[in-house]
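A short worksheet on the structure shown next.
The values are calculated or read from the model by the stated rules, or taken from the named source; none is laboratory data. Note that the coordinates shown come from a computational prediction; the quantities given were computed from them, not determined experimentally. For neighbour counting, all protein chains shown are included, and Cβ atoms are generated from backbone atoms with ideal geometry for every residue, glycine included.
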Amino acid sequence: MHCGACIRRVTQSLQRVPGAEVEEVRLGAARVKLPEGSSSDALIAALSAGGFAAHQES
């Protein structure tokens, strides 16, 4: 992400994932809560569809 428009696009992409609770999106990182037992695969797919690379940190 490089600018405020990217932050908005990432936030919108993450908010479309059912059950995702977007806590924070900033340049280079986002923090999202998922329901217990959920996989981050849907988040990564949503971001990829929006043109962003993503990975999960432990």
> Quick one: residue 51 ticks every box in (1) within 10 Å of the chain's Cα centre (by Cα); (2) modelled with pLDDT under 95; (3) loosely packed, with under 15 Cβ neighbours inside 10 Å bar one, so which box is it?
Replying inline: (1)
>> When the residues of region 22-39 are narrowed to those that are surrounded by 13 or more Cβ atoms within 10 Å (Cβ to Cβ) and modelled with pLDDT of 90 or more, which ends up nearest to residue 7 (Cα to Cα)?
In response: 25
> Is at least one residue of region 21-34 part of a helix (DSSP H, G or I) and of a type outside the set (A, V, I, L, M, F, W, C)?
Replying inline: no
> Does at least one position in region 3-22 carry a residue that is in contact with a Cys (Cβ under 9 Å, 6 or more places away or on another chain) and of a type outside the set (Gly, Ala, Ser)?
Replying inline: no
